Amino acid sequence: MKISINTLRYYKNHYQWSGEPAPEGAAALVEKIGAQLGAVEETERVGDKYQGVVVAAVKECRKHPDADKLNVCLIDDGGIVDGVERTAEGLVQVVCGAPNVRQGLVVAWLPPGATVPESVSKDPFVLGTRELRGIVSNGMLASPRELAIGDSHEGILEIEGDAKPGTAFDEAFNLRDDLVLDIENKMFTHRPDCFGWIGVAREIAGIQGQPFVSPNWYRSDASIPAVEAEPLMLTVRNELPELVKRFCMVAMRDVKVGPSPVWLQVELAKLGQRPINNIVDYTNYFMLLTGQPLHAYDYDKVRSLDGSDGATIVVRHPKPGEAITLLNGKDIEPRAEAIMIASESTMIGVGGVMGGSDTEVDEHTTAIIIEAANFDMYSIRRTSMAHGLFTDAVTRFNKGQSPLQNRAVIAKIVNEIRSHAGGKVASELIDDVNLPAEVLERNALHAPVQVNAAFVNERLGLQLPAVAMATLLRNVEFEVGIDGNTLVVKAPFWRTDIEIPEDVVEEVGRLYGYDRLPLVLPARDLSPTPKDATVALKTRLRHTLSRAGANEVLTYSFVHGKLLEKVGQDPAQAYKLSNALSPDLQYYRLNLTPSLLDKVHGNIKAGYGEFALFEIGKAHVKGHIGDDGLPREFEHLALVYAADPKHAARRAGAAYYQVRAYLEHMMAGFGLQDAVQFVPLDNAAAPYYESGRAATVLLNGQPFGRIGEYRAQVRKNLKLPAYCAGFELDCQLLLAATQNHRHNPYRPLSRYPKVEQDITLRVAAGTPFAGVQSLISDVLKETIAEDGYFDLIPLGVYQPEGTGDKHMSFRLSVASYDKTLRDQEVAALLEKVAAATAASFHTEQV
Amino acid sequence: MEYSDTRISDAAGVLKTRLQTLDNKADILKAVELKALYAEIPTLPPEERGAFGKEINSLRQELEALVATHQEQAEALPALDITAPFDVNVPAGQLPQLLAETQGSMHPLMRERELMCDIFYRMGFTSIESRELDDDYHMFTALNFPLGHPARDDYDTFMTEETDASGNRLVAPAHTSTMQHRVLKAHKHELEQGKPIAVLVPDRVFRNEDLDARHEHTFYQFEGMYVNKGVNAGHLMATLKTFLEAYYGKALEVKSQPFYFPFTEPSFEFSLSCPFCEKQGCSVCSQTGWIELLGCGMIHPNVLRVAGIDPAVYTGFAWGGGIDRLVMMKYGIEDVRHFESAKLDFLRQFS
């Protein structure tokens, strides 16, 4: 939302406000607006480019002797420009090529030394004194384009009215020291009134603690003069009363379409609008002033569409296949729910978004229809988004303008057109209202809000008396009744946002100044803050793994369907985005491992020969619904280890055991190393693991996850090195296990030394290591019981070449609480172990 | 596979036998017999060429399939004893070892998140996780977004083809506020025992935005909520200021600008004086001396009410801000896309 400080100043006389917009200078105002109204994104000194430009009168104009298209003019600048050659009468000679230059014109003169305003921000062009075909020209007379107030370059700017020769251009048009502020639109999402200058001026007065009164004409019950010329038949049929709560129209005739007065062109141009013609410019101008978009149609064009004597306007949805050409030249087939303005036969505009080109006001137009409507904000926004149409009208309508201001604005523009464009009222004011009776009756959108001063103070941390609050609110034209400490607050008709006591809190806080609120921390007792167990667990896992040399990664929760296919997963199981930005992000991932595998090749290519990536994240699978009725969120931890051939050669044994070491290290930290079991993986259930080289991990007998190496096809699809493995585990199960398990790593020390002895057992090659190991452990536990403690350390597995046997070696480290153990006692212990394993596994002690 | 033409079935027999003996199984596809069969096609009467050609192609496909099977078998590695802690015949000195601690790293976003949680923890806030797939009710309805509100369209928010029980599309949360209703409901009974609700939700959110150096569709927010009797807007500003001063380890100025969110009233955009240039203006703060950091406000009474908390008795504040941006500013990270790139070049700098 752009606003000019000089425009605010100019209008001070129109509305009743005795203050000054920027009493402490522009910078202070920008800061104050930021703190109490909305962030100022940008400021621009729009008048500075007119330095040196002077209003002048053409006193004499004759043909250039040597050039058909040039004229030699003598101009009167009131004698104020120094250093130019003058005639005896004090006039200055300027050569001008514009077809419209003539004696008697008042023009904008760029004297020598001035910069062409339009060029200031690009490649500044400074004028001089030079000869044109042998005749001296002192500077130039400027066109609207050169003055940066329009596109027109066919002739020089003609200044009408009473601007005196010699007046500086910036002074004549209220541009001196003017500052245009661009306030972020988002701030005004719920403040449609602030999309008009009057609304912003009111707020600026309000935040300075000054009373503001809207202009006399800005009243919800305004009316227009009676029909004053031959009537034009105009009928309105609103078929969408739910979406179009108000639809005001009036017809005018004898309109003279032409360029706007220069002041109006300047006002529009400095806010980035393009002047078009007086009718369009006035409608735009009053939109900028009030926030209420207006539209003008050519009456005769509307009428002739239906070939009828009068104009009928229908508000309706488009019919299937119906299309329209818009003012911007675009042809669209509007979405079925769009609000369309139509004649009986033909659509003439997308209501609240953009008019159609068929009924555009042009230089031949003499009769017009003016529309001041109120459209449903959500419908406008959807239509705008659906067709990519972003207009000033959309910006305003999609904030939900008040339907109580339409009469004020249409009455005002009718008067302006009567005064400045020759128009005569040629129909009644048609005012189709679809609002609840009580809204019209109380002249406010919502019922008055009752609120206690204490309620407001509690929420702001202030101690303002009720009367001080009332003053703040009355400054911006609220009606406030005070009953003891209770305020009865009635919002003015243009406010759409005051419904509940908290809205009054906001209003008071903002007008008082949030920057003045006392900053105090909430009081707090000494009870300890609880920690969330899931967060704590994940944090711990992160620390453990990163300290173990693994690198934590974060990858997207969404994956490409092709990635799922590359690892043998079924995209049909995955939740699918309906509005994905690209196929790369089409599916919710089913688990984390594929995302990690996808990141291996890039890192190897980047020169990393050996690494472990891990991620802690969520996974979703269709068909798994939680107790809350929502898709279950699986909490996973995944780790992938990879090594290029050079690094793999330095490792002995399969990659599987590298990741298993990570898993065991992690579980040992929780004291859960013995709660984990590895069982051969049912290959059908595991799309990407290699048969015989992967396991299901159980935790306390529950499925905990999977670990293993990857299939050749998967390795190929994802360019994985051969030496690569990983695991993915369920954090929720781990959390439950840690919570049910009292982990005490300590056992009392013995006063006696511990003794170590190794044992090697020969077994058939197919015997699982874990079976033997746990049997030994059980035997030792049972035998030693409370008398001491032991550690059983696996030392290695050796398979002699060409045999069907394996040798499993363990080291037993044991101590007694009662005595120093003798070697024979330990040996006996190991014999007992060997006997037990022989019985169960047919082992033989080596 | 049966071939009706004897010339082809003979060749098939020969080639399959030879396949067994070849070192490079793929060589069978270059066999002279195969070439000779193809060469024969032009010599045949035109009406026989089609059927003959088809059979040669079938033979070729059969051979290709055999080669592929052989290759897969050749690549398949021997089964392991997955119950053992290490492989067979691994020398004692070369048992599996974890990588060096010096090359490990926590993700910078997670590390920073932990730091933030720790400060808030000391201030009395507990941290919980958010959801990555949620419903319309928690994302919008419970947060006072009216039906038809544009945020409910899928322009900004990712939605799934699948729907919830009420037929609304599921949502990839665009803000951590999607947890507000759950937090309020879960802690309501504590309010009644005289304890405040003080919860931080620092987690992953999603926005339907094209990727560039400054925009990610996946990023991290930290949501904070505080509810009790007598909570006011000054408490909100003081809480955020206190956090930021602890986070940056220095005194800071803060300011707020009015804003609009459906789930807070009043709403603010919150800025802090630039901690990197002492308000002198630098590249981090775009030479303004201030950094717009987050949105916040007093929790809307409808949000409290729908969670069963009486807004006449209790009030509270909430905020939500980006973690990625804090981390980018702190370390001078120029491209937000590094975070989810999983590049070790990036990650190991945070070892």
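The values are calculated or read from the model by the stated rules, or taken from the named source; none is laboratory data. Here the structure is a predicted model, which means the values were calculated and not measured. Backbone-built Cβ (ideal geometry, glycine too); neighbour counts: all protein chains shown. Surface areas here come from the heavy atoms of the whole protein model, side chains and all, with no ligands, DNA or RNA. Shrake-Rupley method; radii C 1.70, N 1.55, O 1.52, S 1.80 Å.
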Quick one: accessible area per residue over the protein assembly as shown, 1.4 Å probe, rounded to a whole number of Å²? 42 Å²
Summarise the accessible area of segment B:54-115 (1.4 Å probe, protein heavy atoms) by the percent that is carbon and sulfur. 52 percent
Rotationally averaged projected area of segment A:531-657 (alpha carbon convex hull; nm²): 10.1 nm²
Would you please state which residues of segment A:738-775 a label at A:Lys781 would reach in this model, taking the label point 7 Å out along Cα→Cβ and a backbone N cut-off of under 18 Å? A:738, A:740-748, A:769-775
For chain B, set up a GNM with springs between Cα atoms under 10 Å and report which of B:Leu44, B:Leu211, B:Leu77 has the largest fluctuation. B:Leu44
Distance between Cα centroids, segment A:170-193 to segment A:335-378: provide it in whole Å. 28 Å
Placing each pseudo-label 7 Å from Cα in the direction of the beta carbon, A:Leu698 and A:Thr235 end up separated by a distance in nanometres of 8.5 nm
Report, to two decimal places, the Cα Rg of segment A:44-178 normalised by 2.2 N^0.38 Å (N = number of residues). 0.98
Stokes-Einstein diffusion coefficient for chain B at 20 °C in a medium of 1.002 mPa s, Rh from the Kirkwood formula over Cα pairs: what value in µm²/s? 82 µm²/s
Give the calculated FRET efficiency between A:His665 and B:Glu64 to the nearest 0.05, with a Förster radius of 56 Å applied to their Cβ-Cβ distance. 0.80
Segment A:21-82: trypsin sites (Lys or Arg not before Pro) falling in loop per DSSP and having at most 16 other Cβ within 10 Å: A:Arg45
Write down the Kirkwood hydrodynamic radius of segment A:157-231, to one decimal in angstroms, obtained as one divided by the mean of 1/r over all alpha carbon pairs. 16.8 Å
Could you tell me which of the pairs A:Lys566/A:Lys719; A:Lys12/A:Lys490; A:Lys566/B:Lys343 are separated by over 18 angstrom between their Cα atoms in the structure shown? A:Lys12/A:Lys490; A:Lys566/B:Lys343
Normalised Cα Rg of segment A:210-345, dividing by 2.2 N^0.38 Å with N its residue count, works out at 1.22
For segment A:353-398, list whatever residues lose no less than 20 Å² of accessible surface once every protein chain is in place, relative to that chain by itself, with the probe at 1.4 Å. A:Tyr378, A:Arg381, A:Arg382, A:Met385
Can you give the accessible area buried between chains B and A, summed over both chains, with a 1.4 Å probe, in Å² to the nearest 100? 10100 Å²
Cα-centred dipole magnitude for segment A:139-241, charges only on beta-carbon of K, R (+1) and D, E (-1), debye, nearest 20: 480 debye
Over all viewing directions the Cα convex hull of segment B:193-253 casts an average projected area in nm² of 6.5 nm²
Could you pull out which residues in segment B:47-62 have an amide N less than 16 Å from a spot 7 Å beyond the Cα of B:Leu22, following the Cα-Cβ vector? B:57-62
P(r) of segment A:600-747 over all Cα-Cα pairs, binned every 10 Å from zero, in whole percent: 11, 36, 34, 16, 3, 0
Checking the table A:Lys399/B:Lys255; A:Lys2/A:Lys412; A:Lys69/A:Lys164; A:Lys399/A:Lys424; A:Lys186/B:Lys279; B:Lys16/B:Lys54 against a 30 Å threshold on Cα-Cα, which pairs fail? A:Lys399/A:Lys424
Per 10 Å bin from zero, what fraction in whole % of the C-alpha pairs of segment B:126-169 is there, up to the bin with the longest pair? 24, 57, 16, 3
With angles folded into 0 to 90 degrees, how steeply does helix A:823-841 sit against the dominant principal axis of chain A? Use alpha carbons for both and round to 10. 70 degrees
Just how much of A:Asp162 is accessible, in Å², when a 1.4 Å probe is used and the result is rounded to the nearest 10? 140 Å²
Inter-probe distance in nm under a simple model that places probes 7 Å from Cα toward Cβ, at A:Lys646 and A:Gln573: 3.8 nm
A:Ala838 to A:Asp674: FRET efficiency via 1/(1 + (r/R0)^6), r the Cβ-Cβ distance, R0 25 Å, to the nearest 0.05? 0.60
At a probe size of 1.4 Å, how large is the accessible area of A:His636, to the nearest 10 Å²? 30 Å²
By accessible area (1.4 Å), largest first, A:Glu42, B:Glu2, A:Glu184 order as B:Glu2, A:Glu42, A:Glu184
Carbon and sulfur together cover what percent of the accessible area of chain A at a 1.4 Å probe radius? 49 percent
Which lysines have a Cα lying under 16 Å from the Cα of A:Lys832, excluding residues fewer than 8 positions away in the same chain? A:Lys781
Using the alpha-carbon atoms, what tilt in degrees (0 to 90, nearest 10) does helix A:769-784 show relative to the longest principal axis of chain A? 60 degrees
What one gets for chain A as the Kirkwood radius, inverse of mean 1/r over different Cα pairs in Å, is 35.3 Å
Where no second cysteine Cβ lies under 4.7 Å, the cysteines concerned in chain B: B:Cys117, B:Cys296
All lysines inside 20 Å of B:Lys195 as judged from Cα atoms, apart from same-chain residues fewer than 8 positions distant: A:Lys531, B:Lys185, B:Lys229
Computed over chain A: longest principal axis from alpha-carbon atoms vs helix A:377-387 long axis, angle to nearest 10 degrees, is 80 degrees
Farthest positive-ward along the protein assembly as shown dipole, Cα basis, beta-carbon charges - from A:Leu541, B:Gly289, A:Trp17: A:Leu541
Nitroxide proxy distance, nm - points 7 Å out along Cα→Cβ at A:Asn434 and A:Glu171: 5.5 nm
What trypsin sites (Lys or Arg not before Pro) in segment A:306-342 are in a loop by DSSP, with at most 16 other Cβ atoms within 10 Å of the Cβ? A:Lys330, A:Arg335
